[in-house]
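Worksheet: the structure to be examined is printed underneath.
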């Protein structure tokens, strides 16, 4: 704690600081709660997306044998051309949100290729899309977790350090000023008594 001055000006400064801390603290608590709720929601979304990805992988395995026997290279058709990314603001934190994944058009001769190609391509693209979504969800989760940690540190700083320090400084300054005022009154009484005694002595002389 910084050294305080035992003055009325310092008393006002400490009172203003305490008022500001108490006004800002509820906002921090609200932000912390919002972040915790969103992190919980993001956890649920990630679990759901993992489950979707695993389901698509299981489905794609059904085509695995056929793909290995095919002369068609589908790699270029399952590589994303663009991932459309939007932004969401949660309690002041800007996080990414997947709005879709665009793939190059699959160009092949429908009559010269087996009919299962379409189904296999769809499943593989769904896997890639799910993984892109998971990547962005993970990035968002990291940003939210970092902000929650920072907000929690600020809440603890206000509750455990700043507010108690300001309250203690106000108490000590008030005691000091009160003592000084009492001393001043005491000295005034003593001075008054001396003056009265001097006047009495002069009158009776």
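Each reported figure results from applying straightforward, stated rules to the coordinates on display, with no laboratory input. Computed from a predicted structure; not experimentally measured. Glycine gets a Cβ as well: all are built from the backbone with ideal geometry, and neighbour counts include every protein chain shown.
Run the numbers on segment 8-165 and let me know its relative contact order in percent, using alpha-carbon pairs under 8 Å that are six or more apart. Intermediate results must be reported in sequence, preceding the final value.
Working: 138 pairs, mean separation 56.2, N = 158.
Relative contact order here is 36 percent.
Name the shape class, rounded, prolate or oblate, that the alpha-carbon gyration tensor gives for segment 8-165, where a ≥ b ≥ c are the square roots of its eigenvalues, rounded holds for a/c under 1.5, and otherwise prolate holds if a/b is larger than b/c and oblate otherwise. Cα axes put segment 8-165 in the prolate bin.
Determine, from the Cβ-Cβ distance of residue 102 and residue 160 and an R0 of 45 Å, the FRET efficiency 1/(1 + (r/R0)^6), rounded to the nearest 0.05. Walk me through the intermediate numbers first.
On the way: r = 50 Å, r/R0 = 1.12.
Taking R0 as 45 Å, the efficiency between residue 102 and residue 160 is 0.35.
Between the beta carbons of residue 50 and residue 17, assuming R0 = 45 Å, the FRET efficiency works out to 0.40 to the nearest 0.05.
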